[in-house]
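Report on one structure; see the data block that follows.
The values are calculated or read from the model by the stated rules, or taken from the named source; none is laboratory data. Please read all numbers here as calculations on a predicted model, not as lab measurements. With ideal geometry, Cβ positions are generated from the backbone for all residues, glycine too; neighbour counts draw on all protein chains shown. These area figures cover heavy atoms from the full protein model, side chains too; ligands, DNA and RNA do not enter into them. Shrake-Rupley method; radii C 1.70, N 1.55, O 1.52, S 1.80 Å.
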Amino acid sequence: MPDQFRAVTHAGWTMDGGAQLLSALRSGYSGSGRARFEDVVHYEATVNGRGMTDYDLPVSGPERLAALLRRSLGYACTALLTVPPGRPWPTLAYISLSGGGLHDASLTAHVTFCSRRPDVPPYLGDLESYEEEALMELSQEDAAALLRK
């Protein structure tokens, strides 16, 4: 995991108006406040989301895919395991792998975190229906199991 992501996990989590946010990302967030979002889950996903560092990787190929996935999983698992116990809602990580954009075919990765709440629609609907990118949802239990291996 790149050092800047390690620093984010070491800074821990905070609550902000009911939102579960990574403290380092909350302090550096300069966008709209919670009131501008459809719901608290989308606020969490926006503040907590980051593209994975990839400038030191090959432009394409299996080495790029393996490194991006390893980095993203390492960051997601480490962050999930630092969520303080007793939070009112489970925190989930979402990792996506996709092409860089219309004019850039390089594989990129994005990781974000948000809660699952009974009174708010989930961040993503049916993961199996996504065809434009690879998506993974991880729970704290998944993270613990992955890091035990």
Tabulated pairs, region 134-149, first more than 17 Å from Ser115 (Cα to Cα), second of a type outside the set (Ser, Thr, Tyr) and in a helix (DSSP H, G or I), C-beta under 6 angstrom, 6+ apart or interchain
Leu146/Cys77; Leu147/Cys77
Within region 29-48, can you find the residues that are under 22 Å from Gly74 (Cα atoms) and either open to solvent by 40 Å² or more (accessible area, probe 1.4 Å) or out of contact with any helix residue (DSSP H, G or I) (no Cβ under 8 Å at 6 or more places or on another chain) (or both)?
Glu44, Ala45, Thr46
How about region 56-72: which of its residues are within 19 Å of the chain's Cα centre (by Cα) and open to solvent by 20 Å² or more (accessible area, probe 1.4 Å)?
Leu65, Ala66, Leu69, Arg70, Arg71
Single match in Arg6, Arg26 (criterion: free of Cβ contacts under 8 Å to residues at least 24 places away in the same chain, of a type in the set (Lys, Arg), open to solvent by 60 Å² or more (accessible area, probe 1.4 Å) and part of a helix (DSSP H, G or I)):
Arg26
Based on what the data block shows, is Arg71 within 20 Å of Met15 (Cβ to Cβ), among the charged types (D, E, K, R) and in contact (Cβ under 8 Å) with a residue 12 or more places away in the chain?
no
Only one of (1) surrounded by 13 or more Cβ atoms within 10 Å (Cβ to Cβ); (2) at positive phi fails for Gly86. Which number is that?
(1)
Residues in region 9-19 that are open to solvent by less than 40 Å² (accessible area, probe 1.4 Å), modelled with pLDDT of 95 or more and not aromatic (Phe, Trp, Tyr) total 2
Which condition number in (1) among the hydroxyl-bearing types (Ser, Thr, Tyr); (2) open to solvent by 40 Å² or more (accessible area, probe 1.4 Å); (3) under 17 Å from the mean Cα position of the chain (by Cα); (4) farther than 17 Å from Pro2 by Cβ is the one that Thr78 fails?
(4)
